[in-house]
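First the structure, in the form of C-alpha cells, and then the observations on it.
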Amino acid sequence: MPSSRTEDFEQLALPLFPSLYNHAFWLTRNQAEAEDLAQETFTKSLRAFDSFQPGTNFKAWMFRILRNSFLTTRTGIAASRTVFLEDHPETLDTADRGPTPEDNLIRLDNQAALHAALEQLPPPLREALLLCDVEEIKYKDIANILDVPIGTVMSRISRARRTLRQLLQPQLGESL
Amino acid sequence: MSQTPQTNPAIEHLSPGTLNAFIDGELSPAERQAVEQHLATCHACTLRVLSATQLKTATAGAGRRFVPPPEALSRLTAQLRSQPQIEPLPQKRKSTPIHLVRTAIWATLAAAILLTVSLLGWRELHPPSTLAAELLDQHLATLSSGATPQVISTDRHTVKPWFQGRLPFSFNLPDNTALPPDTVLKGADLTYLNNQPAALLLFTIHKHEVSVFLTQRATSPTLGDLPGTRRGFTIHSATTPDLHMIAVSDVNPADLDLLLAALVQAQNPG
C-alpha cells in the first residue's frame, strides 16, 4: 500500500501526466520514447520528492526534471549538440516589430497549417513557446526549466511567434 | 506614460517585448494599466494585441496535440507503486551506529582508494549513466532559485546531528579549519540516490556550488560506472569502508578532490 508521501506525490503529479506526455512527444517526436521519458520523469520526481520545496511551482519542477531527463536520452544528446545560433544577441530582434496589420489576416482556423508551422519551428523556439502558451508557465519558471536567462526566454518566445506568423502567411493566398 | 500616443506613434507604440509580456500576463499591475491606457487610444496597437492573442490561443490549441495511449496511465501508476515507497521524513529508525576503524592502515588505504577513484573519475562520459543523470538532476535542483536546504548551517555541530535518526548510517564532518581554502559548508538535505537514503551536503568552493552525496556502502557495495564529467559538471567519488561519497560541481576538479579528501580524512579522526 502506498505511503502517504507517495500518495501526496501521486495526487500532485498524476494530473500532469497528459501535459508531460504531450511535451515529451514534442521533444522526442516518438510515442514510445515519449512514454518512456514521461515515466522516467515520474520515477525520478518521486524519488526526489522530498527535495521539492512546498510553495514553489510543482509543475515547473516536474517539467525541469522532464527536460533534464530528455537531455540524457540519445535524442536529447543529439539535440543538445546542435548549436542554436538564434540566441546570439546580434541576430535577435533586429526586425521584430511584432504583428503588423497584415498579420491579422493569417488563417488561424486552419489546424493543419498551424500544426505544420509548429513542426517547422526550430526546437528551442518551439519548446519555449509551448511552455508559455500550452502549459501557461511563467517566464521565470521557463528560464529555470530551460536553464537559460529570462531574457533568452523572452527572445525565443518573441521569435517563435514571429516565425509562426511568417509561416502562416503563405496560407493566405492558397486558402482564400 | 503620455496619453497622446497617436501624436508620436514611433515612441509610444508597444514594443514587441511589452506586447508579448502583456498577452502572457507578465506585466506588473502598473505596467499593465499603462498598456491598457495606450490601447484605449491606439487602434494599430489594439489590432496587434488582438492578432497576438489570437495566435497565442491558436498555438495553445495546436500545441496540445499528443494524447497518451489509454493504458499509459495505468502502466505509470503500476510502475510508481513498484518503486520503493517514500515514507514521511521524520522516521524513528533505529540507526545502527557504525564505528569507524581507527587504524593507521586505514588512512593509507583511504588515500589509495581516493587516488584511484579520482583518476578513474577523469574519464569523459560515453555511455549514459543513470546514476550520473540522477546526480546531476539533484545537483541542478539545488541550484534552482527556490531551492533551500532543510538544514541551513555552516556549523558541522548543527548539520551532523540533524541526520541522526533520519539516516540508517552515520558519518563525520570535518571542522571548518580542516576544509580546503575558501570551502564553506552551506547546509544539508536528506535525499534518495539509487533508491537509497542519502545525505546531501551542500558546500561552496570559490563561489561554485558543490553537492556531496553520502550513501551507505553496506546497502550498495559498488557505485557502478560513473562518468568523470557530465554536461560540464565534474562528478568525482571516493569511498571509505562504510561510505560512498560522490561530489558534483562545476568547480575545478582538483579543488573538488581536495574537499573529498577532507571528507575521507574526517571519517578517520583518530
task = At 1.4 Å probe size, with no ligands or nucleic acids counted, give the accessible surface of residue A:150 in Å², nearest ten.
result = 80 Å²
remark   = Reported to the nearest 10 Å², residue B:45 has, with a 1.4 Å probe, an accessible area equal to 0 Å²
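Can you tell me what the convex hull of the Cα atoms of segment A:2-44 projects to on average, as an area in nm²?
Numbers: hull surface 11.8 nm².
Orientation-averaged projected area of the Cα hull: 3.0 nm².
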Taking only Cα atoms of segment B:171-242, radius of gyration then Dmax in Å = 13.1, 34
inquiry  = Between segment A:114-129 and segment A:45-78, how far is it from one alpha carbon centroid to the other, in angstrom?
reply    = 22 Å
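At R0 = 56 Å, how high is the FRET efficiency between residue B:81 and residue B:32 if r is their beta carbon distance? Nearest 0.05 is fine. List each step's numbers first, then the result.
Details: r = 45 Å, r/R0 = 0.81.
About 0.80, to the nearest 0.05.
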query = Quick one: ranking B:152, B:23, A:157 by accessible area, 1.4 Å probe, largest first, what do you get?
reply = B:152, B:23, A:157
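How many partner chain Cβ atoms sit within 10 Å of a residue's Cβ in peptide A:5-14, on average, as a whole number? Don't skip to the answer; put the middle values down first.
Details: counts 5, 7, 2, 2, 2, 4, 0, 0, 2, 4.
Partner-chain Cβ atoms within 10 Å, mean over residues of A:5-14: 3.
Accessible area per residue for segment B:16-64 in Å², computed with a 1.4 Å probe and the full protein assembly in place, what is it?
Numbers: 2170 Å² over 49 residues.
Ligands and nucleic acids excluded, the figure is 44 Å² per residue.
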inquiry  = Relative to 2.2 N^0.38 Å, what does the C-alpha radius of gyration of segment B:130-266 come to as a ratio? Two decimals please.
reply    = 0.94
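Can you give the mean number of other chain Cβ atoms that lie within 10 Å of the Cβ atoms in peptide B:40-51? List each step's numbers first, then the result.
Numbers: counts 0, 0, 0, 1, 2, 2, 0, 5, 7, 2, 2, 12.
Per residue, the number of nearby Cβ atoms from other chains is 3 on average.
Would you kindly work out the equivalent ellipsoid of segment B:16-64 from its C-alpha gyration tensor and give its semi-axes, the square roots of five times the eigenvalues, largest first in whole Å? Show your work: numbers first, answer last.
Numbers: eigenvalues 86, 36, 9 Å².
Sorted largest first and rounded, they come to 21, 13, 7 Å.
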query = Which cross-chain or sequence-distant (5 or more) residues have an amide H under 5 Å from the amide H of residue B:230, H modelled 1.01 Å from N in plane?
reply = B:235
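Just to confirm, what accessible area per residue do you get for segment B:130-266 at 1.4 Å probe, in whole Å²?
On the way: 5050 Å² over 137 residues.
So segment B:130-266 comes to 37 Å² accessible per residue, rounded to a whole number.
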query = Over the heavy atoms of residue B:82, what accessible area does a 1.4 Å probe trace out, to the nearest 10 Å²?
reply = 90 Å²
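Against the empirical 2.2 N^0.38 Å scaling, what ratio does the C-alpha Rg of segment B:137-206 come to? List each step's numbers first, then the result.
Values: Rg = 12.3 Å, N = 70, 2.2 N^0.38 = 11.1 Å.
Ratio of Cα Rg to 2.2 N^0.38 Å: 1.11.
State, in square angstrom and to the nearest 100, the accessible area buried between chains B and A, both chains counted, probe radius 1.4 Å. Could you put the intermediate results ahead of the total?
Values: alone 16020 and 10520 Å², together 21030 Å².
Between B and A, the summed buried area is about 5500 Å².
What is the magnitude of the charge dipole of segment B:130-266 about its Cα centre, with +1 placed on the Cβ of each Lys and Arg, -1 on the Cβ of each Asp and Glu, and no other charges, expressed in debye to the nearest 20? Mind showing how you got there, number by number?
On the way: 8 positive and 12 negative charges, 42 e Å.
Dipole magnitude for segment B:130-266 comes out near 200 debye.
The values are calculated or read from the model by the stated rules, or taken from the named source; none is laboratory data. Values in this document were obtained by computation on a predicted structure and should not be read as measured data. Cβ: placed from backbone, ideal geometry, glycine included. Neighbour counts: every protein chain shown. Calculation scope for accessible area: heavy atoms of the full protein, side chains included, ligands and nucleic acids excluded. Shrake-Rupley method; radii C 1.70, N 1.55, O 1.52, S 1.80 Å.
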